[in-house]
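These notes are about the structure you will find just below.
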Amino acid sequence: MKFPSFSAAILASLAFLTGCGLNHSNNTSGSGNNGSGTLSSGVFQGAIATGSGSNGAIILVTPDGQFWSVSSQTTSALTPLQGFTSSQLAASGLNYSGPASVFSSPGTSSTSGTVTINSASSSNLSGTISQGSTNDSFSSNALTGFNFNTGATIATLSANSWKATFLDNDTATLTVDSSGNISGASTAGCAISGSVTPDKSGSNFFDLTLTFGAAPCSLPSTTVTGFAVNAGTGSSAVFVGAGSNSGNTMGSAFIATAGTA
């Protein structure tokens with residue numbers, strides 16, 4: 001699934017365009033205003049400017065300040081994936097910031113960094129992801145028609161089979177039953193199980209657990225926990241998730257569309 005091309009003005013401001021059922025505008029989200037020192041929760045779509053170009057990004061900020069960003073290698077397509085970042089944000093003056101774990105590939109330890117939110121409202125989110133002397137800026141907009149204040153429902157996931165692309169670029173067919181149990185197998189032969197549970201905050205995202213089987217899985221015999229979001233409906237739905245192990249040193253992420261691998 002492709003995103004449309006970018007105009008020069010959009011690229012200059014790093015705003016991600018509409019595509020793949022993930023349209024941005026106003027997803028009804030938590031309170032917050034630019035420069036107010038408050039933080040808006042919600043699901044956002046945008047771009048991350050790096051030293052070598054721009055990566056696409058889908059970002060979740062939870063009501064308790066968790067930050068998750070799953071990035072693709074280009075701004076023109078959802079996959080292949082580039083990596084993901086997790087952080088726990090806290091107030092820092094008029095901004096929010098927190099220590100970050102940056103994951104680039106399964107089986108490779110995460111690196112430490114910092115996420116700083118410079119501007120946040122119900123309709124946009126921007127800031128930086130820093131690692132050492134490297135500062136990658138991001139800008140994003142909320143998803144059109146996505147009501148973050150409506151609780152997530154498992155039925156939106158169990159209605160489809162999902163063609164998932166993982167961080168190691170392996171693809172898998174995932175299914176979610178009516179109780180939220182995940183099962184699947186990748187084209188490389190990796191067995192995958194887990195679960196999704198609507199988050200207790202009542203917001204529109206899931207708590208995610210995934211367990212990978214023995215080799216040839218890139219994270220053999222490893223369980224990760226994190227988040228998942230289902231954006232869009234029907235054939236245009238996009239299922240996104242990421243998680244890390246108990247030590248926050250290893251992790252994986254996926255982006256899935258309705259269908260089979």
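Read the figures in this text as sums done on the coordinates, not as results from a lab. Bear in mind that the values here come from a model prediction, so they are computed numbers and not experimental data. Glycine also receives a Cβ, built like all others from the backbone with ideal geometry; neighbour counts cover every protein chain displayed.
Taking N as the number of residues in the range 140-224, what is its Cα Rg relative to 2.2 N^0.38 Å?
Normalised by 2.2 N^0.38 Å, the Cα Rg of the range 140-224 equals 1.19.
Could you give the distance between the Cα centres of the range 177-220 and the range 131-173, to the whole Å?
First find each Cα centre; the distance between them is then 14 Å.
Just to confirm a number: summing +1 for Lys and Arg and -1 for Asp and Glu over residues other than Gly194 whose beta-carbon lies under 13 angstrom from that of Gly194, what do you get?
Within the 13 Å Cβ shell, the charges total -2.
Whole-Hz Karplus ³J(HN,Hα) for the range 170-182, in order, using 6.51 cos²θ - 1.76 cosθ + 1.60 and θ = phi - 60°, x for Gly and Pro?
For the range 170-182, the Karplus curve yields 6, 10, 8, 8, 10, 10, 10, 7, 5, 9, x, 6, 9 Hz.
Determine the gain in length on full extension of the stretch Thr249-Ala91; use 0.36 nm per residue of separation and subtract their C-alpha separation, reporting nm with one decimal.
54.4 nm
Restricting things to Cα coordinates, could you compute the convex hull volume per residue of the range 134-180 in Å³?
On the way: hull volume 7.3 nm³, N = 47.
Taking only Cα atoms, the range 134-180 has a hull volume of 155 Å³ per residue.
Based on the inverse mean of 1/r over its pairs of different Cα atoms, what is the Kirkwood hydrodynamic radius of the range 61-165, in Å? Please list the in-between numbers first.
Values: mean 1/r = 0.0643 Å⁻¹.
Evaluated over the range 61-165, this radius sits at 15.6 Å.
What shape does the range 105-261 have by the C-alpha gyration tensor, where a ≥ b ≥ c are the square roots of the eigenvalues, rounded means a/c under 1.5, and otherwise prolate means a/b greater than b/c and oblate the rest?
The shape class here is oblate.
What is the gain in length, in nm to one decimal, between Thr175 and Ser52 on full extension, counting 0.36 nm per residue of separation less the C-alpha to C-alpha distance?
Contour length minus the Cα-Cα distance gives 40.7 nm.
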